[in-house]
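The values are calculated or read from the model by the stated rules, or taken from the named source; none is laboratory data. Fair warning: this is a prediction, and the values are worked out from it, not measured in the lab. Glycine also receives a Cβ, built like all others from the backbone with ideal geometry; neighbour counts cover every protein chain displayed. Side chains are part of the model used for accessible areas, which takes the heavy atoms of the whole protein and leaves out ligands, DNA and RNA. Shrake-Rupley method; radii C 1.70, N 1.55, O 1.52, S 1.80 Å.
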Amino acid sequence: KEKSSQEQQKDVMSEKAIHDAAAYIRGLAQLRGRNAEWAEQAVRKSVSLSAAEALKLNVIDYVAEDVQPMLNQLHGKKIRLASGATVTLQTEGASVVRHEADWRNRFLSAITAPGIALILMMIGIYGLLFEFYTPGLGVGGVIGAICLLLGLYALHQLPVNYAGLALIVLGIAFMIAEAFTPSFGILGLGGVVAFIFGAIILIDTDVPGFGIPVALVVALAVVSAAA
């Protein structure tokens with residue numbers, strides 16, 4: 001089947017973008033004295049290397065396990081600045097000043113972990129539901145509102161798949177409806193399934209460490225169904 005003119009134009013534009021990126025990275029590699037051939041293959045064929053192979057092929061300059069060994073290797077290296085001037089690095093034995101994250105950034109880093117964000121959102125939803133069922137105490141409402149807002153903030157900072165978020169909300173709604181509707185478990189079972197699928201696809205990225213552990217998803221689904 002022949003491609004439409006729109007598809008052909010899209011292919012041409014994609015190919016042109018790849019050629020432009022390859023030419024740019026090749027010129028940059030030549031400017032820095034790096035392996036230009038490998039740099040072009042990295043763009044065109046998405047090839048990758050281990051650290052040892054990258055050092056052998058002149059893709060990188062050094063391999064160091066920590067900051068201090070890196071500084072020792074950099075000592076005496078000549079660097080040409082954009083202005084054209086050349087400077088020599090004096091890094092051997094240089095003191096290292098570490099700037100640790102403050103409590104605020106550590107806290108935000110903790111709650112924006114995908115698993116923690118999902119737990120906060122669940123606590124928030126069930127806290128508000130508890131407050132609606134038993135009005136007057138205020139504890140569930142206060143804790144639920146705080147946790148829900150923190151969970152929504154965390155999800156806002158993450159690459160969220162909104163279809164997954166909609167499935168989670170739908171699953172919770174089905175499980176709540178099961179408590180009031182004599183559906184012989186159909187709504188509850190459907191809610192658990194929707195919740196599990198929604199939580200699995202909630203984070204829309206392939207970056208390692210950003211997924212939600214399946215064990216946590218199943219545990220939250222079971223607890224929700226039991227509640």
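The table below lists the values:
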read-out	value
Global form of region 136-201, assessed from the alpha-carbon gyration tensor, a/c cut-off 1.5	oblate
Rounded Å value of the spacing that divides the Cα centres of region 137-194 and region 58-80	51
Rounded tilt (10° steps) of 139-156 against the dominant C-alpha axis of the chain	30
Residue 180-residue 109 FRET efficiency (beta carbon distance; Förster radius 35 Å; 0.05 resolution)	0.30
Convex hull of region 76-217 built on C-alpha atoms - directionally averaged projected area, nm²	14.2
Per residue value of the accessible surface for region 39-135 (all protein chains in place, 1.4 Å probe), Å²	71
Burial order of peptide ranges 59-70, 85-96 (average beta-carbon count within 10 Å, highest first)	59-70, 85-96
Peptides 30-36, 97-103, 153-159, 164-170 ordered by average Cβ neighbours within 10 Å, highest first	164-170, 153-159, 30-36, 97-103
Percent accessible area from carbon and sulfur atoms, the chain, protein chains only, probe 1.4 Å	64
Long-range HN-HN contacts of residue 160 with modeled amide H, under 5 Å	204
Helix 186-200 vs. the chain, principal-axis angle (Cα, 0 to 90°, nearest 10)	10
Cα-centred dipole magnitude for the chain, charges only on beta-carbon of K, R (+1) and D, E (-1), debye, nearest 20	620
Nearest 10 degrees, 0 to 90: helix 162-178 Cα axis against the chain principal axis	20
